Amino acid sequence: MKRISVVDPERCVGCQMCMFACTRRFSLGGFGRSTIHVKSVGGIERGFVVVVCRACDKPAPCARVCPTGALASRDGKGVKLIRDKCIGCGKCVEACPIGAVFWDEEAGKPAICVYCGYCADYCEYGVIKLEEV
Amino acid sequence: MSSSALPSRVLYIDLTKKRFWIEDRKELFEEYIGGSGVAIQLLKEECSKGTDPLGPDNPIIFTVGPLTCLFPMASKTVAMFKSPLTGELGESHAGGRSAVAIRSAGYGAIVIKGASDMPLYIAVHGNRVYFKDAAAYWGMESTLTVGRVIRENEPGSGVRSIMRIGGAGERLVRYAMVTTETFRHFGRLGLGAVFGSKKLKALVVSGKNTIEVPNKKLYRDVYEELFKLMVESDLLKKYHEIGTPINVLTLNALKGLPTRNLKSGEFEGAEAISGERLAKNFLGRRAACSHCPVACIHLAALREPYEDEPYFYKTTWISYDYELTYALGSMLGISDTVGFLKLVDSIEKYGLDAMSAGVCLAWATEAYEKGLVSKEELAGVEPKWGDYEAYIKMARMIVAQPNEFYKHLAMGVEAAATKYGGLEFALAFGGNEMPGYHTGPAAYVGYLTGARHSHLDSAGYSLDEKTIGATPSPEKIAEELFKEEVWRQVLSSLVVCFFARRVYSPEKTAKALSAVGVERSEKELASLGEKILAEKYDFKLREGFNPENLRVPRRITETPTPHGKISEETIKRAVSFYVEKVKSAKKQPLNL
Ligand code: SF4
Ligand code: SF4
């Protein structure tokens with residue numbers, strides 16, 4: 001079972017290449033569908049925060065609040081969005097303790113990490129990597 | 001919302017009426033692509049002949065392009081306006097998250113018109129535009145503070161840009177800049193003063209739109225190709241490692257590093273302010289513009305004790321690059337590394353353009369040496385080469401303008417020297433203070449002819465460096481600079497960072513454009529570049545740019561360059577060849 005781990009945020013330069021990569025999975029530009037988010041710690045001089053799903057153990061906080069069961073456990077660690085079940089209520093966004101459930105405004109549904117590791121391929125600074133949990 | 005690959009929506013904001021509206025200007029983007037190409041058209045529409053640069057009728061135009069948000073290093077926003085410093089075309093580029101934010105908010109351009117009667121800042125969050133009372137912000141002198149407060153009060157962390165002015169912009173210093181993401185700047189030609197004249201303290205933009213491409217496979221393939229070139233080749237390493245200040249020692253060795261108001265091209269203290277020294281002793285962090293894997297932004301960490309308490313320190317983060325090191329280092333004879341960083345920090349906070357500020361301070365020092373200005377006029381400061389504390393005080397007074405002298409210095413070195421004398425060593429070209437390359441004739445021809453008056457217009461310094469020992473004829477100089485500047489019009493219409501110019505070759509540019517549905521051959525792109533340059537020249541000439549009348553400060557002909565002493569005549573001849581080339585391009589834009 002894999003997930004993205006933030007190895008060393010101090011190395012992050014805030015280039016957001018990872019964010020662009022995540023939305024590019026759909027051959028789209030921008031980061032409207034990204035499930036990894038990089039922002040400064042209150043000003044670029046203070047460094048950056050990288051927010052991405054940690055693939056919590058079952059029952060994951062986001063899955064626990066989903067009224068329709070649209071967030072299925074991924075073999076005990078992390079979740080999978082069953083899009084047809086999701087009604088777009090946004091409860092999962094509020095429930096995630098680290099803010100790693102993002103919102104896809106165009107679809108009106110959450111954007112959930114699929115632990116593919118594509119983002120890490122574009123991080124030139126060794127900040128994030130796909131690892132076994 | 002998702003947008004199509006070619007931007008087309010223009011957001012118009014009228015500060016007088018506090019209104020905004022959106023127009024679809026597809027035709028403009030189809031013809032001119034984006035960036036500079038579209039900006040000059042919008043400027044011509046909005047800015048009529050003779051407009052007062054600090055009056056309500058001077059528009060501020062921001063544009064991005066079809067590669068923004070889609071390709072790496074398409075990270076820049078173009079700003080166009082009439083310059084309060086030179087009285088003609090004002091063009092300035094900045095990165096940070098500005099370009100990505102504008103496009104993600106759904107726009108290809110933002111046009112700001114009119115002037116507010118009260119301090120305002122504008123927040124654009126996607127389709128929503130808010131006029132916000134900036135009474136509490138007006139008077140904040142530091143661009144850092146403005147950013148810090150807005151950051152706490154606006155949404156969109158990570159996907160927004162906060163473009164703001166400091167004290168210099170509010171007080172209409174003609175070379176005030178607009179700062180974005182703390183360390184990126186629309187630096188040159190006084191956009192900050194135009195913001196100030198409109199009582200506009202800041203512009204916040206955020207959005208999360210995605211952008212669709214017509215050919216998905218081609219898009220991803222070209223992306224891969226460009227990304228690999230950026231990270232696997234050596235083309236961009238130098239910008240990341242030591243960064244542009246690597247030039248300090250290189251130029252010094254060539255005797256092309258302007259020193260003490262260009263009394264010399266060689267600085268004995270260069271090592272202390274070199275990129276190598278800064279990297280080794282002070283570099284604390286690197287940062288990048290959004291969508292750029294290079295991360296060329298170098299931040300020095302300066303740890304200083306507070307005087308009122310033992311073992312109590314503050315750490316200040318100061319961004320530095322080559323231009324700053326020249327303007328606030330060698331040009332002022334400063335070889336105290338910490339003192340240099342402190343001066344850079346003040347200039348950054350006030351929101352002054354570093355190059356202009358450095359040249360103004362250097363002129364003032366020499367004018368004082370020569371007795372053209374008195375201690376009284378300098379408000380008690382006695383500037384001496386290397387005395388960074390005096391320069392910090394003077395920077396403060398350029399902003400505060402306590403007397404006639406500083407009022408003039410705040411109008412630029414040309415204005416100050418016209419009044420107080422010393423024009424022969426007032427290092428402005430076309431009214432704009434010089435960049436840091438005393439490399440030979442081509443650099444100066446570039447400063448005089450460049451459409452946005454920056455060393456990045458036509459890279460004269462690079463031509464100089466390549467031709468040491470074999471100085472080209474004036475005609476050849478004009479030809480080479482013209483060719484380079486034409487191509488850069490295309491790059492700045494995409495809009496890509498000029499550091500990526502070797503990656504975005506004509507071939508790769510045509511490919512990237514094709515992936516977003518814009519089919520232009522390399523040849524067509526080049527002729528578009530000519531056309532855009534000619535359009536800019538139209539505006540320049542209309543507003544009084546006169547190639548026959550350009551002033552060449554005597555100083556540059558006295559201090560030897562790597563090409564030996566250069567003559568005014570060579571420069572002037574090259575300038576007229578250049579202008580002729582632009583004019584004939586206008587008549588026959590396809591003549592390549
Ligand atoms: S692992 Fe895949 S889905 Fe998750 S953040 Fe990275 S690119 Fe996006
Ligand atoms: S790609 Fe790496 S360095 Fe760039 S923002 Fe993402 S985590 Fe940070």
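For segment A:92-110: of the residues being closer than 15 Å to residue A:22 by Cα and within 16 Å of ligand 2 (Cβ to nearest atom), which is most open to solvent (accessible area, probe 1.4 Å)? Residue satisfying both the conditions and the ranking: A:102.
Taking the numbered list (1) within 30 Å of residue A:27 (Cα to Cα); (2) open to solvent by 40 Å² or more (accessible area, probe 1.4 Å); (3) at pLDDT 95 or above in turn, residue B:268 passes all entries but (1).
The single residue among A:39, A:58, A:2 that is within 21 Å of residue B:296 (Cβ to Cβ), open to solvent by 20 Å² or more (accessible area, probe 1.4 Å) and more than 9 Å from ligand 2 (Cβ to nearest atom) turns out to be A:39. The requirement of being away from chain A (no Cβ under 14 Å), out of contact with any His (no Cβ under 6 Å at 6 or more places or on another chain) and open to solvent by less than 10 Å² (accessible area, probe 1.4 Å) is not satisfied by residue B:183.
Residue by residue through segment B:208-229, note down the ones that are open to solvent by 10 Å² or more (accessible area, probe 1.4 Å), of a type outside the set (S, T, N, Q), under 29 Å from the mean Cα position of the chain (by Cα) and facing chain A (nearest Cβ under 9 Å). Passing the criteria: B:208, B:227.
Would you mind finding the one in B:128, B:97 that is farther than 19 Å from residue B:196 by Cα, at pLDDT 95 or above and under 22 Å from the mean Cα position of the chain (by Cα)?
B:97
Cβ separations smaller than 7 Å between residues 6+ apart or across chains give the following pairs from segment A:5-23 residues that are near ligand 2 (Cβ under 6 Å from one of its atoms) to residues that are of a type in the set (S, T, N, Q) and open to solvent by 10 Å² or more (accessible area, probe 1.4 Å): A:14/A:40.
Can you confirm whether segment B:370-389 contains a residue that is part of a loop (DSSP other than H, G, I, E, B), under 20 Å from residue B:167 (Cα atoms) and modelled with pLDDT of 95 or more? Looking for residues that are part of a loop (DSSP other than H, G, I, E, B), under 20 Å from residue B:167 (Cα atoms) and modelled with pLDDT of 95 or more, one finds at least one in segment B:370-389, hence yes. The strands (runs of 3 or more DSSP E) falling completely within segment A:35-133 that include 1 or more residues that are free of Cβ contacts under 8 Å to residues at least 60 places away in the same chain map to A:36-40, A:48-52, A:71-73, A:79-81, A:102-104, A:109-111. Of everything in segment A:14-50, what is within 7 Å of chain B (Cβ to nearest Cβ) and β-branched (Val, Ile, Thr)? Give them in sequence order. Those that are within 7 Å of chain B (Cβ to nearest Cβ) and β-branched (Val, Ile, Thr): A:23, A:38, A:44.
Only one entry in B:140, B:118 is open to solvent by 50 Å² or more (accessible area, probe 1.4 Å), away from every other protein chain (no Cβ under 11 Å) and part of a loop (DSSP other than H, G, I, E, B), namely B:118. Based on what the data block shows, is residue A:29 more than 11 Å from ligand 1 (Cβ to nearest atom) and within 30 Å of residue B:145 (Cα to Cα)? For residue A:29, the condition - more than 11 Å from ligand 1 (Cβ to nearest atom) and within 30 Å of residue B:145 (Cα to Cα) - is not met. Of the numbered criteria (1) more than 15 Å from residue B:585 (Cα to Cα); (2) touching a helix residue (DSSP H, G or I) at 6+ places or on another chain (Cβ under 7 Å); (3) surrounded by fewer than 21 Cβ atoms within 10 Å (Cβ to Cβ), the one residue B:526 fails is (1). Checking each residue of segment B:426-443 against the condition of being within 17 Å of residue B:372 (Cα to Cα) and touching a helix residue (DSSP H, G or I) at 6+ places or on another chain (Cβ under 9 Å) gives at least one match.
Take residue B:125 and tell me if it is within 14 Å of chain A (Cβ to nearest Cβ) and touching a Gly at 6+ places or on another chain (Cβ under 9 Å). So residue B:125 passes the test.
Annotation note: of B:68, B:51, B:145, the sole residue that is within 14 Å of chain A (Cβ to nearest Cβ) and either within 19 Å of residue B:194 (Cβ to Cβ) or part of a loop (DSSP other than H, G, I, E, B) (or both) is B:68. Here residue A:74 does not fit the description of being surrounded by 14 or more Cβ atoms within 10 Å (Cβ to Cβ), charged (D, E, K, R) and under 23 Å from residue B:158 (Cβ atoms). Note on segment B:403-517: enclosed helices (runs of 4 or more DSSP H) holding 2 or more residues that are open to solvent by 10 Å² or more (accessible area, probe 1.4 Å) are B:404-409, B:413-420, B:460-466, B:474-494, B:506-515.
Please determine, by comparing only the residues of segment A:117-133 that are open to solvent by 70 Å² or more (accessible area, probe 1.4 Å) and within 13 Å of ligand 1 (Cβ to nearest atom), which one is nearest to residue B:230 (Cα to Cα).
Only one residue tops the list, namely A:121.
The values are calculated or read from the model by the stated rules, or taken from the named source; none is laboratory data. Given the structure is predicted, the values throughout are model-derived calculations rather than measurements. Here the Cβ is made from the backbone with ideal geometry for all residues, glycine too, and neighbour counts use every protein chain on show. Protein only, heavy atoms only, side chains kept; ligands, DNA and RNA dropped before computing areas. Shrake-Rupley method; radii C 1.70, N 1.55, O 1.52, S 1.80 Å.
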